[in-house]
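Chemist: Here you go, one structure.
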């Protein structure tokens, strides 16, 4: 009986291991190991508790490095699986390669890679949330655009992958949605390229799906009156009804109306000045004549 490095116990020769033979091994006062005749670097170790584990020992050619490790317990790891893994390790070692080291490096590299879903989340956290008033809508659009690609690595995405997504949207009769998703793709991957998160922009060169027709539909005088009367006769709460009337009278966006304050309205001229920070472009302030003093102002 000889000792091996690492406290594996005494070695009791070498036999052609079988599943039934390993099952029949019984614990002794001290742990011991039995080497496999068919796969010389493999041995089964029997602990004092009766636990049986697979033990592999080999030397990497040219490196002078001796490696010994456990492959896991028997029977969770079968004899065939243990032999297959041992062969892979020893074949690499004979070629001067450290397969364990290579696998660890590959795992670390994969963990460092970014999926499309993670890329979307990173963009939202750095550039959108807390910065844009349209953050909620932007998040919805990005997630909808990349839902089918979210688990793929961002550096593996090619233009054809993006095109397949867009063509599927257009084929169901939604070219405008396809165009909007194309814009989201361009926004995300241009940003990712600027941050060195990808080596190239797969959205570059994506053909347009056309522009949306210019919307010039306006309400007629009769339609305006019908809407005004409906608001008055509906069960909409007073605050919401007032906001709708104010929007209808000024042509302002509902978000601008919903955030109005008394300080924004000159009560002598009844001119409403929308501060620049609340405008869509956050540019200069804009002014509108409210024409609706009294109750609407008090509601605001």
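The values are calculated or read from the model by the stated rules, or taken from the named source; none is laboratory data. Just so we're clear, the structure is a prediction, and the values are computed from it rather than from any experiment. Glycine also receives a Cβ, built like all others from the backbone with ideal geometry; neighbour counts cover every protein chain displayed.
Chemist: If I filter segment 190-202 for residues that are within 30 Å of residue 112 (Cα to Cα), part of a helix (DSSP H, G or I) and in contact with a helix residue (DSSP H, G or I) (Cβ under 7 Å, 6 or more places away or on another chain), do I get at least one hit?
Modeler: Initial filter on segment 190-202 (within 30 Å of residue 112 (Cα to Cα)): 190-202.
If we keep only those that are part of a helix (DSSP H, G or I) as well, we get 190-194.
Checking which are in contact with a helix residue (DSSP H, G or I) (Cβ under 7 Å, 6 or more places away or on another chain) leaves us with 191-192.
Checking segment 190-202: at least one residue is within 30 Å of residue 112 (Cα to Cα), part of a helix (DSSP H, G or I) and in contact with a helix residue (DSSP H, G or I) (Cβ under 7 Å, 6 or more places away or on another chain).
Chemist: Is there a residue being free of Cβ contacts under 8 Å to residues at least 40 places away in the same chain, assigned by TED's automatic domain parsing to the domain that holds residue 147 and assigned to a loop (DSSP other than H, G, I, E, B) anywhere in segment 163-173?
Modeler: Going residue by residue through segment 163-173, those that are free of Cβ contacts under 8 Å to residues at least 40 places away in the same chain are 164-165, 167-173.
Narrowing further to those that are assigned by TED's automatic domain parsing to the domain that holds residue 147: 164-165, 167-173.
Filter again for assigned to a loop (DSSP other than H, G, I, E, B), leaving 172-173.
Among the residues of segment 163-173, at least one is free of Cβ contacts under 8 Å to residues at least 40 places away in the same chain, assigned by TED's automatic domain parsing to the domain that holds residue 147 and assigned to a loop (DSSP other than H, G, I, E, B), which makes the answer yes.
Chemist: Being buried (at least 19 other Cβ atoms within 10 Å of the Cβ) and either without any contact (Cβ under 8 Å) to a residue 12 or more places away in the chain or closer than 16 Å to residue 78 by Cα (or both) is the filter here; which residues of segment 7-35 pass it?
Modeler: Listed by number, the residues that qualify are 17, 22, 34, 35.
Chemist: Kindly provide the set of residues from segment 248-273 that are under 41 Å from the mean Cα position of the chain (by Cα), in a helix (DSSP H, G or I) and crowded, with 17+ Cβ neighbours inside 10 Å, ordered by number. Lay out the reasoning, then the answer.
Modeler: Of segment 248-273, the ones under 41 Å from the mean Cα position of the chain (by Cα) are 251-261.
Filter once more, so that each one left must be in a helix (DSSP H, G or I): 254-258.
Passing the criteria: 256, 257.
Matching residues to (1) touching a strand residue (DSSP E or B) at 6+ places or on another chain (Cβ under 7 Å); (2) more than 30 Å from residue 56 (Cβ to Cβ):
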site: 90; (1), (2): yes, no
site: 98; (1), (2): yes, no
site: 107; (1), (2): no, no
site: 121; (1), (2): no, yes
site: 147; (1), (2): no, yes
site: 192; (1), (2): no, yes
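Chemist: If you go through segment 63-94, how many residues are farther than 29 Å from residue 21 by Cα, at pLDDT below 90 and surrounded by 11 or more Cβ atoms within 10 Å (Cβ to Cβ)?
Modeler: 2
Chemist: From the list 182, 245, 172, which one is closer than 20 Å to residue 143 by Cα and crowded, with 16+ Cβ neighbours inside 10 Å?
Modeler: On the way: 245 fails: closer than 20 Å to residue 143 by Cα; 172 fails: crowded, with 16+ Cβ neighbours inside 10 Å.
Of the residues listed, the single one that is closer than 20 Å to residue 143 by Cα and crowded, with 16+ Cβ neighbours inside 10 Å is 182.
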